[in-house]
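For reference, the structure is listed below as structure tokens.
The values are calculated or read from the model by the stated rules, or taken from the named source; none is laboratory data. Remember, predicted model here, so these are calculated numbers, not experimental data. Glycine also receives a Cβ, built like all others from the backbone with ideal geometry; neighbour counts cover every protein chain displayed. We work out accessible area using only protein heavy atoms, side chains counted, and drop any ligands, DNA or RNA first. Shrake-Rupley method; radii C 1.70, N 1.55, O 1.52, S 1.80 Å.
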Amino acid sequence: MVCSLISLAALLGFCLANRVDFGGNLDASTGFDSKNFAVWADMNATKLLDLQPGSPAGTWAESWPISENSKHPFKHVFTQFNPAGHPPFDGFGGGYGAHHIDMHFYAITPEERLRDAVCSSFPPCINNSVSAKIFSFPPSQVIPKDFFVLPSLSGVPEHGMHWEPWADKSFVRPLDAATVDNPAARLGDCLSQAAGGPDKGCRMAPWYPGFSPIYISLDGKTAALEIMFTVAFVDRLKRGDIPNPYIITFPQVDGELTDLSPPVFAKTIFAVYNPATDVVRFGMDLKEYNAYACPKHCKTCDADLVCSECKSGYGLAKGGSCKRCNAADDGYCSFSNHCALEDDGSFCRANRRGECKQTYLMESRPCTFGSCSMLNCQFCKRRDDGTQRCKQCAEGYSLSGGVCVEA
């Protein structure tokens, strides 16, 4: 969805206190605005428009530093110019075949990116032991639902795994994909054309207006949030053919969960051209998310964040939360806190001396201490009629029909 509710003046008026000037091929600067909660990169528009289409040999990349701040997770902006575009494309300008810029806001350092995003060969990046971290996907709970991935095409060395937005599906698949028996093979025809093979008549729609969000994963985690834009998009923005500023929603995650730290995520991505300075700014408005992490005091949890093992000194309570226990093997507590009593994870509070007695009378939650009168029973529970039912037998005995029998 394209929005234009934010004024050009507001987007250009971000505080420059956290600005980092890099220079490079595009006279680039990066910045973080804590007041408006946004990260951005400025570039010289004329230098962008001077970039020409060409062969992949003309590809270049730069890592731009960004001012680190406890309020955002990003470590650097990795920017790459693709003179021939990249897959999915058809060799005739369709799909992502226009010459364009990939601008990635990475939550890892350049050294970590280069270390982990490795392929044994490229293209394509083959799924094997060398590229294992590229093909290790994050939990589905942190991936925006409106992205899809083509693993055989989207793994890239020095980048990671690229997830494309469903909004781009109309121009990243062959135009005749719905009418052929094997759409995957037809996509292969487009790719072989783009690689210099014979024209097989495969065509993709043009990428318009040439401005897309991309999600990058690496080593089982969210690695980067990307803004991808064509040189033609910058020309459209500068000439007023599209709204200035140009703003679209970044696909969101159900439950607003993220594994980025601190837990923030892109709300929108924007582009704004300043005619007074001939600078074009690309950036992301951020919003606070919920941390995708195990519950407090939990050592191990599943993908749904239900705890299966607590940290030392805590017991697993019903519902997957961890409560302090500290019960010693002899049945005494180190502190006057909680001691686990039953297999279902219920807890009783220790007595005033910090003791968790070896026999308990379970009357309610929180339970009260009392004497279990059942023979050879260690833990028992009182029924509504006043009688007792054993819940756990003493050592050497097993439970049978609510009573303890010799094992």
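So here's what we get for this one:
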quantity	calculated
Accessible-area value, residue 208, 1.4 Å probe, nucleic acids and ligands omitted, Å²	130 Å²
Anisotropy class of the stretch 119-218 from Cα gyration tensor, a/c 1.5 cut	oblate
Area of residue 204 that stays accessible when all protein chains are in place (1.4 Å probe, Å², to 10)	10 Å²
Nearest-10 value in Å² for the accessible area of residue 297, using the 1.4 Å probe	50 Å²
Convex hull volume per residue for the stretch 57-195, taking Cα atoms only, in Å³	136 Å³
Built amide H within the under 5 Å cut-off of residue 299, gap 5+	309, 310, 311
Built amide H within the under 5 Å cut-off of residue 322, gap 5+	317
Sequence-distant residues sharing a close amide H with residue 131 (under 5 Å, placed H)	120
Kirkwood hydrodynamic radius (C-alpha pairs) into Stokes-Einstein, the stretch 208-298, 25 °C and 0.890 mPa s, D in µm²/s	166 µm²/s
Cβ-placed point charges (K, R +1; D, E -1), dipole of the stretch 235-278 about Cα centre in debye, nearest 20	240 debye
Shape category assigned to the stretch 20-113 from the gyration tensor of Cα positions, a/c cut at 1.5	prolate
Using θ = phi - 60° and Karplus 6.51 cos²θ - 1.76 cosθ + 1.60, couplings along the stretch 219-235 (whole Hz; Gly, Pro as x)	6, x, 9, 5, 9, 7, 10, 10, 10, 10, 8, 7, 5, 4, 4, 4, 5
